[in-house]
1. Which residues, taken from the range 258-296, are under 20 Å from the mean Cα position of the chain (by Cα) and small (Gly, Ala, Ser)?
2. Go through the range 124-162 and count every residue that is closer than 22 Å to PRO50 by Cβ and not aliphatic (A, V, I, L, M).
3. Could you tell me whether SER258 is in contact (Cβ under 8 Å) with a residue 24 or more places away in the chain and not in a loop (DSSP other than H, G, I, E, B)?
4. With the structure loaded, tell me whether GLU107 is part of a helix (DSSP H, G or I), farther than 16 Å from PRO49 by Cα, in contact with a Pro (Cβ under 9 Å, 6 or more places away or on another chain) and open to solvent by 30 Å² or more (accessible area, probe 1.4 Å) or whether it fails that test.
5. Residues of the range 264-277 being over 12 Å from ASP198 (Cα atoms) and either open to solvent by 20 Å² or more (accessible area, probe 1.4 Å) or outside any strand (DSSP E or B) (or both), which ones?
6. Quick check on my filter: what residues within the range 62-87 are of a type in the set (Asp, Glu) and open to solvent by 10 Å² or more (accessible area, probe 1.4 Å)?
7. What do you reckon, is THR266 more than 22 Å from VAL162 (Cβ to Cβ) and of a type outside the set (A, V, I, L, M)?
8. Under the condition of being without any contact (Cβ under 8 Å) to a residue 60 or more places away in the chain and in a helix (DSSP H, G or I), which residue from the range 186-201 is farthest from the chain's Cα centre (by Cα)?
Amino acid sequence: MNAAALDSLLALRHGQGTRERALAVDPRMRMITTSAANLRVLDTGGSLPPLLIAPDGPCVIEHYLDLIQKLAENFRVICFDMPGFGFSYPRLNYSFGLKETADALVELMDTLAVKQAVFAFSCANGFFAINLAARYPERVSHLVLAQTPSLQAMLQWTDRIVPKPIKLPFVGQAVMAVTAQRFATSWFDLSLPRESRDKPGFAEKAREAVNHGGCFCLASLVQGLARGTDAELQGVQCPTLLFYGDSDFSHKYTDFSSLNSLIPHTEALALQGCGHFPDLERSDCYAQSLSRFVSA
């Protein structure tokens, strides 16, 4: 049995009421079925260039509503909870692998009749976007990453930051099942600048999501990423932009220039005094810079 299947089984305890509440956040919200999960998706619609964004857990779509509004001035924004996070409950056969996740995102694009899009993903989610851009170059016009280094640098980060029990199959899933709320809220103390005023609001949204049935399958994500290889991430040709905050304590020892080992042509934009979430902490700068990069 795939250890990540334990997360799928645990998700079965969430009933129809949870789904209805998750969709009631915004009238543009819907559920879309993929091979990895039933994805909760907010689609602004229209004929502007499509932009796919995904919250970096424990953040959920609710964290991104203000950013979505800003980005929607120039893009058709498609924001969704990643499989195993927020209200996108993972399927039994999903193991959080690079290729299977990328393939599920292609399914999402096909369902929404999106032939090509800008992908703007953060941290570990960035590796799924990189794999997709490498394997399906015709589907990705631009790649915008945040807090995503090389895979090896990310695995070193995991060794430093993630408690050992979380990395153990089945044990990690069981631990997260009973500690998800504590992990989801305490994460912001580690990832945001110590003086950040965003902490209470970020933590409250994460706590509310978990309390109302949201997923935070950190163990399955960590274990799935550990099975990834550089070979699965080579060959990206599209223009690539990397944002990174220099005041993310969790990434204090991470060298973000290491991403060049996977994507040599990456442009990097360092944000002084910013933590783990450049897209949320500096949403005006992020939205403007992303728009300029895509239109250049």
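1. The answer is SER258, ALA268, ALA270, GLY275, SER283, ALA287, SER289, SER291.
2. Total satisfying the criteria: 13.
3. Here the answer is yes, as SER258 does meet what is asked.
4. no
5. Of everything in the range 264-277, those that are over 12 Å from ASP198 (Cα atoms) and either open to solvent by 20 Å² or more (accessible area, probe 1.4 Å) or outside any strand (DSSP E or B) (or both) turn out to be PRO264, HIS265, THR266, GLU267, ALA268, LEU269, ALA270, GLN272, GLY273.
6. Passing the criteria: GLU62, ASP66, GLU73.
7. Yes; evaluated as a whole, the condition is true for this residue.
8. My answer is PRO200.
The values are calculated or read from the model by the stated rules, or taken from the named source; none is laboratory data. Being a predicted model, the structure only gives us computed values, none of them experimental. So basically every Cβ, Gly included, is an ideal-geometry build from the backbone, and we count neighbours across all protein chains shown. In case anyone asks, the SASA skips ligands and DNA or RNA and just uses the protein heavy atoms, side chains included. Shrake-Rupley method; radii C 1.70, N 1.55, O 1.52, S 1.80 Å.
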